[in-house]
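The values are calculated or read from the model by the stated rules, or taken from the named source; none is laboratory data. Note that the structure is a prediction, hence the values are computed from the model and not measured. Every residue, glycine among them, receives a Cβ derived from its backbone with ideal geometry; neighbour counts consider all protein chains shown.
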Amino acid sequence: MVGGGQGAFIGAVHRIAAELDGEALLVAGALSSNPARARASAEAWGLDRSYDSYEQMAALEAKRDDGIDFAIVAAPNHLHLPVVKAFLESGTHVICDKPLAGDLDQAQQIAKAAAVSGRLFALTHTYAGYPMVREARDWVASGRLGELRKVQVEYNQDWLREPVERAGNKQAAWRTDPERAGISCCVGDIGTHAHHLVEFISSRRIESILADLTSFVDGRELDDDASMLLRLEGGARGTLVCSQVACGEANDLRIRLYGSKAGLEWRQQEPNALMVKPAGEAWAIHRVGDGYLGEAAARSTRTPAGHPEGYLEAFANIYRDFMADVRRTAAGEPALGNYPGIEEGLRGLRFVQASVDSSNQGSVWVDL
């Protein structure tokens, strides 16, 4: 792992997800740009090998007979390009936190490096790992929803409602800093999750957007709130709202899809239920673990019906699919690619760029 050490939130989540099913073990890390903190973090985690820099780790691990099989990139956005390139060029597979990079140009450079390397690359769009999100995708693909007409997605938080980046909050400090986060805070951080969820479930690309980005906290350089209109392939329309200043909201991600035959609703805070709304019939709640669910949902579920699964298990589903491909390629078999990758990463950065451009131009329609 690169990054994710002491003071970070996402590093421990990546580790739990990678190790949850007993299919991998974290053995090496360059867990901080501060060598002392990196060593202390590695000691606290009981890692066999700690490195003072990601460059050192990429070079030395590639020379070991027992070197790492893949690298986890859990560093801030501005480091994704150099870190990912270092490991790809050393012949190492990579799984990276989203968004792919700080801006579209960096994302395109990562895509080129991945193509040249021939190594596997995965992006941890966690919410695509939830069983009922995969069930919703099956509903759309099977035609049970009918003609898709409307999508509404919201992702609301409140942790940036005050200028906590000026009070020592490490996570807020880099996310609100253009030098480290890139061209956006809120849209880049959580709006990309909402964007990916729309395209993943609907299997339709967002073609154009009209966006209004705002920074409500005085002195904050990047957006902390956004509202958008969406136009999707095939004629469907949608709305996307994301905010990190919505008082009272911790991590409220929800999506509704409306077709000509039925509607669907999923909420991340109640992830084991999918609300199904057939036209002219009673609504029904479909739950994780029940026998009527499709293969994708069943394959993503670990426990019997009535035993809830959540964020860590969804994260681990992305890892499990990626690690299966690591083993396939090692055995000379073709990869299946059942996880977000380079294309989804590029789509995410095109979405961020279009959002910023639309808002800067006075909220006009911009193509992705």
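Annotations
- Residues that are closer than 24 Å to His80 by Cβ and of a type outside the set (Asp, Glu), drawn from region 299-323: Tyr311, Leu312, Ala314, Phe315, Ala316, Asn317, Ile318, Tyr319, Arg320, Phe322, Met323
- Where helices (runs of 4 or more DSSP H) fall wholly inside region 1-64, the ranges with 3 or more residues that are within 18 Å of Lys85 (Cβ to Cβ) and not β-branched (Val, Ile, Thr) are 54-63.
- Scan of region 264-322 for residues that are touching a Ser or Thr at 6+ places or on another chain (Cβ under 9 Å) and among the small types (Gly, Ala, Ser), ordered by number: Ala279, Gly289, Gly294, Ala314
- Residue match in region 121-129 (condition: over 20 Å from the mean Cα position of the chain (by Cα) and modelled with pLDDT of 95 or more): no
- Residue check for Ser184: assigned to a strand (DSSP E or B), among the small types (Gly, Ala, Ser) and not assigned by TED's automatic domain parsing to the domain that holds Pro76: no
Listed here are the residues, each with its yes/no results for (1) free of Cβ contacts under 8 Å to residues at least 12 places away in the same chain; (2) not in a helix (DSSP H, G or I).
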residue: Val83; (1), (2): no, no
residue: Ala114; (1), (2): no, no
residue: Met132; (1), (2): no, no
residue: Arg137; (1), (2): no, no
residue: Val151; (1), (2): no, yes
residue: Gly168; (1), (2): yes, yes
residue: Trp174; (1), (2): no, no
residue: Arg180; (1), (2): no, no
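- Just one of the listed residues (Glu333, Glu343, Glu265) is under 27 Å from Arg205 (Cβ atoms), of a type in the set (Asp, Glu) and either in a helix (DSSP H, G or I) or not assigned by TED's automatic domain parsing to the domain that holds Cys242 (or both), namely Glu343.
- Near pairs, Cβ below 6 angstrom, 6+ apart or cross-chain, from region 223-245 (assigned by TED's automatic domain parsing to the domain that holds Trp174 and buried (at least 16 other Cβ atoms within 10 Å of the Cβ)) to any residue that is part of a strand (DSSP E or B) and among the acidic types (Asp, Glu): Ser227/Asp212; Arg231/Glu207; Val241/Glu154; Ser243/Asp225; Val245/Asp225
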